[in-house]
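See below for the structure under consideration.
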Amino acid sequence: MKKLSILFSLLLSLTIVLSACGSESKNESNDSADKNADNKTDLLAQIKENGKLVVGTEGTYPPFTFHDNTGKLTGFDVEIAQEVAKRLGVEAEFMETQWDAMFAGLDAKRFDMVANQVGIRDDRKEKYSFSDPYISSAAVLITRGDSDVKSFEDIKGLKSAQSLTSNYAEIAKSNGAEIVGVDGFNQAIELLNAKRVDITINDKLSFLDFKKQKPDTKVVIADTAEDVSQSGLMFRQGNDTLVEAVNKALQEMIDDGTYKSISEKWFGEDVLK
């Protein structure tokens with residue numbers, strides 16, 4: 001009887017141990033399943049696992065994203081995205097698409113992020129997430145170097161070369177200028193140099209790029225509008241860990257001088273300010 005009691009006790013102890021091991025094994029299995037599920041839903045984790053950050057961009061918008069004479073995709077936005085990817089520990093893979101299709105492509109998960117001078121606007125923020133601003137620009141008043149025009153208040157009655165449907169044409173009109181229609185920035189500068197118009201109003205970044213390409217052209221910025229537009233890298237909503245990681249990378253680039261170096265390469269100055 002005593003032996004049976006001892007044997008029963010041993011069997012009971014073994015059952016408890018096996019049950020505990022089974023429970024522990026089940027918990028470990030559940031933890032592993034939860035972790036795998038998290039990786040499947042967390043875009044940053046997927047990007048690191050795949051080793052690439054897929055970036056949507058136009059590839060036809062110099063100096064931000066375009067193909068150089070050798071056919072290589074390059075530009076300010078391209079280099080910013082490449083550096084961000086590098087700091088995430090992955091490679092940037094670019095998918096080129098037209099502007100109108102870029103938002104739909106992001107919605108369809110064709111790419112993880114858009115880098116294409118997308119302005120941070122309230123209506124866009126209702127549907128998409130943005131990084132911290134990585135570039136700023138404003139409307140500038142451009143004149144010949146020998147002009148007496150010093151501010152927007154001076155352009156009343158003057159001829160301004162503008163694309164007729166642009167916001168810049170509205171700025172010129174609101175300050176009393178007479179609009180002379182042009183197809184784009186380069187034509188506006190041609191008319192200005194030929195003294196067929198007195199001024200043109202355009203984007204500061206476009207002017208900086210033009211002056212970098214043609215530094216001897218005798219045109220200058222006379223005044224800068226107070227309203228500054230900012231652009232950010234764009235993401236689908238719900239990918240907060242990726243946005244946070246990208247913001248961290250951007251800040252590191254600013255702190256260590258990498259951003260300034262890229263900016264000066266393309267524009268001759270720091271365009272974040």
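The values are calculated or read from the model by the stated rules, or taken from the named source; none is laboratory data. Model, not experiment: these values are computed from the prediction. Every residue, glycine as well, gets a Cβ built from its backbone with ideal geometry; the counts of neighbours run over all protein chains shown. The accessibility values were calculated without ligands, DNA or RNA, using every heavy atom of the protein model including side chains. Shrake-Rupley method; radii C 1.70, N 1.55, O 1.52, S 1.80 Å.
Placing +1 on the Cβ of every Lys and Arg and -1 on the Cβ of every Asp and Glu, with no other charges, gives the chain a dipole of roughly 640 debye about its Cα centre.
Using a 1.4 Å probe on the protein heavy atoms, what percent of the accessible area of the chain belongs to carbon and sulfur? Write out the running numbers ahead of the final one.
Values: 7530 of 15560 Å².
Of the solvent-accessible surface of the chain, carbon and sulfur hold 48 percent.
For the range 114-268, the antiparallel share of DSSP beta bridges with both residues in that region comes to about 80%. Here the Karplus curve 6.51 cos²θ - 1.76 cosθ + 1.60, taken at θ = phi - 60°, turns the phi angles of the range 115-120 into couplings of 10, 7, 6, 7, x, 7 Hz, with x standing for Gly and Pro. Measuring nothing but how far apart in sequence close Cα pairs (under 8 Å, 6+ apart) lie, relative to its length, the range 151-210 scores a relative contact order of 38 percent. The mean sequence separation of alpha-carbon pairs under 8 Å and at least six residues apart, normalised by the residue count of the range 98-246, gives a relative contact order of 41 percent. Label point of residue 272 set 7 angstrom out along Cα-Cβ; within the range 124-166, amide nitrogens under 12 Å from it belong to 132-136. Of all DSSP-defined beta bridges confined to the chain, some 65% are antiparallel rather than parallel. Close amide H contacts of residue 93 (hydrogens built in the peptide plane, cut-off under 5 Å, sequence separation of 5 or more or a different chain): 53, 54, 55. Remark: the range 60-196 carries a charge dipole of roughly 260 debye about the Cα centre, counting +1 on each Lys and Arg Cβ and -1 on each Asp and Glu Cβ.
Seen against the Cα atoms of the chain and their longest principal axis, helix 240-255 is set at about 50 degrees. If I fit a long axis through the Cα atoms of helix 76-88 and take the longest principal axis of the Cα atoms of the chain, what angle between them do I get, 0 to 90°, rounded to 10? The two axes meet at around 20 degrees. Full extension of the chain between residue 230 and residue 153 gives 25.2 nm of extra length, using 0.36 nm per residue less the Cα-Cα distance.
The modelled label-to-label distance between residue 72 and residue 221, using points 7 Å beyond Cα along the C-beta direction, is 2.9 nm.
May I ask you to derive the relative contact order of the chain, considering only C-alpha pairs under 8 Å and at least 6 residues apart, and to give it as an integer percent? Could you put the intermediate results ahead of the total?
Numbers: 420 pairs, mean separation 61.1, N = 273.
Reported relative contact order: 22 percent.
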